[in-house]
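Everything on this sheet refers to the single structure shown next.
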Amino acid sequence: MKLIIGALMTNSMKKSILFFILTALFFISCKNSNEAEKVIDPSVPVTLTTIDTRSIQSYIDLNATAAYLVKNVIKANATGYLNSVNVASNDYVSNGAVLFSIKTREAKVLGNTINKIDPSLNFGGAIKVRANTNGFVTSVNVQQGDYVQDGDPLVSINDSNSFAIVLSLPYEFKKYVSINEELTVILPDSTLVKAKVQKYMPTVDATSQTQSVILKVIGKHDIPENLIVKVRINKSSNSKTVSLPKAAVLSNETETDFWIMKMMDNNTAIKIPIKKGVETQDKVEILSPVLTPEDKILLSGNYGVADTIKVKVIKAD
């Protein structure tokens, strides 16, 4: 009898424990189901911007090279020996400065003898060779004591008056550059220099299809020869315009349709088709529709969204 009662009690305890476990699993399942059924916030975090009414310019920067267009070669004006050399490479010389003196063979051999006979003849004096321009000496081909003949090259001088910026202009951009127009030259150290368009060279490079344009620097600037600089070419300019940052303007894959996402209330943005005008590195001109300073435009969080979205503004530009 006791065994039967013990067995019954054991079965009853097992049923109670099983019931307790099933109940616990039921509540846990319900809790997980409630957590899964929580509504996910569909709002897209975005930042906003507004229109810019400042002037907008479209430009391109093209490479150019600093150069001396005229290089003068000073030649010997007599046959004889170089009595003196008064110049070295990289020297700056002025027009009329004495660079060399040449003493002819006859003067060197007979000068002292003739001068003793008649000092008034002043025979045997050195012939002076002078600079014919202002500029920097690039090379000296002789040294003191050398024997030279009439017409031999002695020294090369860059004519400082011929210094210019040579711009290689793609022919399709020629319509943007006019004679006597002032352009901005940007040096590698970010210094800005003004230069005036002087003339076009009469030929076009057969390979690159670029035409050389000569720019004369306005004012005095220490620009070394062969320095590569950038020249800014203005393609268009508009002082009365409405523009947005580039990140606010979206397009399709073929870039035939453009649009923005505009806030309609505090948490809804809709797609607005636009027509764009001048485009710079960081701004896009908006020709239509008419936007006002009060309009809020999505700057980020606007890519790959539907035509109408719920948004949550996290920051305004």
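The values are calculated or read from the model by the stated rules, or taken from the named source; none is laboratory data. This one's a predicted model, so the numbers in the text were calculated from it and none came from an experiment. Because the Cβ atoms are built from the backbone with ideal geometry, glycine has one as well, and the counts that use them run over all protein chains shown. With ligands, DNA and RNA removed, areas are computed over all heavy atoms of the protein, side chains included. Shrake-Rupley method; radii C 1.70, N 1.55, O 1.52, S 1.80 Å.
Considering only the range 57-71, I want to know if a residue exists there that is assigned to a strand (DSSP E or B), touching a residue at least 12 places away in the same chain (Cβ under 8 Å) and farther than 30 Å from LYS235 by Cβ.
Yes, there is a match, as at least one residue in the range 57-71 is assigned to a strand (DSSP E or B), touching a residue at least 12 places away in the same chain (Cβ under 8 Å) and farther than 30 Å from LYS235 by Cβ.
On the given criteria, is VAL166 open to solvent by less than 70 Å² (accessible area, probe 1.4 Å) and either at pLDDT 90 or above or not in a loop (DSSP other than H, G, I, E, B) (or both)?
The answer is yes for VAL166.
State the number of residues belonging to the range 248-257 that are in a strand (DSSP E or B) and over 14 Å from LYS283 (Cα atoms).
Going through the range 248-257 one residue at a time, the tally reaches 1.
How many of the residues making up the range 72-84 are open to solvent by 30 Å² or more (accessible area, probe 1.4 Å) and in contact with a helix residue (DSSP H, G or I) (Cβ under 8 Å, 6 or more places away or on another chain)?
Count: 2.
Hand me the list of strands (runs of 3 or more DSSP E) wholly inside the range 275-317 holding 1 or more residues that are in contact with a helix residue (DSSP H, G or I) (Cβ under 6 Å, 6 or more places away or on another chain).
283-288, 297-300
Inside the range 135-151, can you point out the residues that are farther than 14 Å from ASN83 by Cα, in a loop (DSSP other than H, G, I, E, B) and open to solvent by less than 50 Å² (accessible area, probe 1.4 Å)?
Correct list: GLY151 only.
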